[in-house]
Amino acid sequence: MKIYPWQQSVWQRLTSQKQRLSHALLLHGRAGMGKLDFAMHLSQSLLCASPKDGHACDVCPQCIWFKEGAHPDFKCIKPEEADTAEDAPKKKATKKTQISVEQIRQLIQLLSLTNHSTTAMRVVLIHPAEVMNTASANALLKVLEEPPNNTIFILVAHQIHRLLPTIISRCQAIAMPIPQRKVAIDWLESQQVGDPNGVLDYAGGAPLIALQNSGDFTAQSMVYQHLAKGGKLDTAACAGLLLEHGMEAALTLLQKWMFDLQLSTHALPSHYHMKLAKSLQALAKSVNLSALLDFQRELVQAKVTANHPLSQELQLEAILLNYKKVFKH
Ligand SMILES: [Zn+2]
């Protein structure tokens with residue numbers, strides 16, 4: 001685990017004050033910037049028995065426990081079942097999206113026990129903190145108001161405005177940096193990502209999302225060749241390609257494409273597909289704007305039922321038939 005290049009200055013600032021670190025940190029900022037990795041790295045370095053230049057040593061028993069996910073003084077709280085959703089896409093529809101009060105109560109119980117190791121430090125990571133409901137947030141607030149000894153809470157939030165103001169005020173808030181474009185591109189290149197500019201645009205400038213999507217991008221470039229045909233689209237061929245990464249990803253791709261198509265109709269630059277600006281501009285000439293808005297609404301609706309396992313191919317083909325109607329003949 002490493003600190004990303006764009007996080008170096010925050011890292012140095014935090015670790016230089018390690019001895020007087022606040023008992024609760026709130027790392028906040030846009031998704032896909034590596035906040036969770038940063039929080040994990042910080043947690044490990046706080047628990048490490050012999051950190052080097054502020055970084056975890058990676059070899060002491062504390063670090064080994066941590067990397068095995070078995071450190072007794074590290075507790076990571078995230079929405080229940082979010083883990084299994086990744087391994088079993090079918091379960092996605094039932095994915096829990098909240099941190100329950102029961103999880104926080106169990107945490108409080110755990111913290112009331114003495115800590116296990118000689119570092120005499122415990123770390124609690126909560127991610128993403130904004131998915132605590134009112135009950136769980138209030139339960140956590142009580143702990144933050146009377147924090148147990150030698151315990152550091154690290155809250156990670158994509159949307160800080162969704163947190164209770166009382167929770168924010170109990171934490172040292174740290175705005176996590178967004179990399180400059182060149183830094184992000186250099187980093188993607190170092191990760192052997194082909195077409196780093198294209199994937200970074202598609203990810204809305206978020207380097208970790210770009211890296212995650214980079215494998216899909218070759219297939220996607222074929223999808224765009226289809227979509228660029230507008231009213232002459234081959235729906236069956238396009239649906240097949242789109243579904244390679246699942247219904248939700250297909251709908252997201254269509255939403256981003258329509259977003260940029262709409263920008264193009266107003267002669268505005270693309271947000272996600274800068275390299276395809278010419279195709280978009282050509283396509284925009286034949287767009288019926290009200291049909292485009294209807295189609296965008298349809299995509300939002302379709303996302304609600306995106307994980308329904310039945311007849312995704314038929315559903316997507318029906319959606320693509322309506323895509324063709326966006327264009328005047
Ligand atoms: Zn260590």
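The values are calculated or read from the model by the stated rules, or taken from the named source; none is laboratory data. The structure displayed is predicted, hence computed values, not measured ones. All Cβ positions, glycine included, derive from the backbone under ideal geometry; neighbour counts span all protein chains shown. Accessible surface areas use protein heavy atoms only, side chains included; no ligands, DNA or RNA. Shrake-Rupley method; radii C 1.70, N 1.55, O 1.52, S 1.80 Å.
Restriction of the GluC sites (Glu not before Pro) in the stretch 217-317 to DSSP coil positions whose beta-carbon has at most 12 other beta-carbons within 10 angstrom yields no sites. Dividing the Cα radius of gyration of the chain by 2.2 N^0.38 Å, with N the residue count, gives 1.16.
Heavy-atom accessible surface of the stretch 5-178, averaged per residue, reaches 51 Å², computed with a 1.4 Å probe.
Can you flag which of Lys182/Lys229; Lys2/Lys256; Lys229/Lys303 are past 26 Å Cα-Cα? In this structure, Lys182/Lys229; Lys2/Lys256 exceed 26 Å between Cα atoms.
When the stretch 133-239 is described by a simple charge dipole with +1 on each Lys and Arg Cβ and -1 on each Asp and Glu Cβ, the residue from Pro207, Ala173, Leu188 located farthest towards its positive end is Ala173. Taking 7 Å steps out from each Cα toward its Cβ at Glu145 and Ser190 produces label points 4.5 nm apart.
In the chain, what percentage of the DSSP-assigned beta bridges are antiparallel, given to the nearest 5? Rounded to the nearest five, the antiparallel share is 10 percent.
Name all residues of the stretch 1-39 having a backbone nitrogen under 17 Å from the label point set 7 Å from the Cα of Lys52 along its Cα→Cβ direction, giving them as ranges. Hits in the stretch 1-39 for Lys52 at 17 Å: 1-3.
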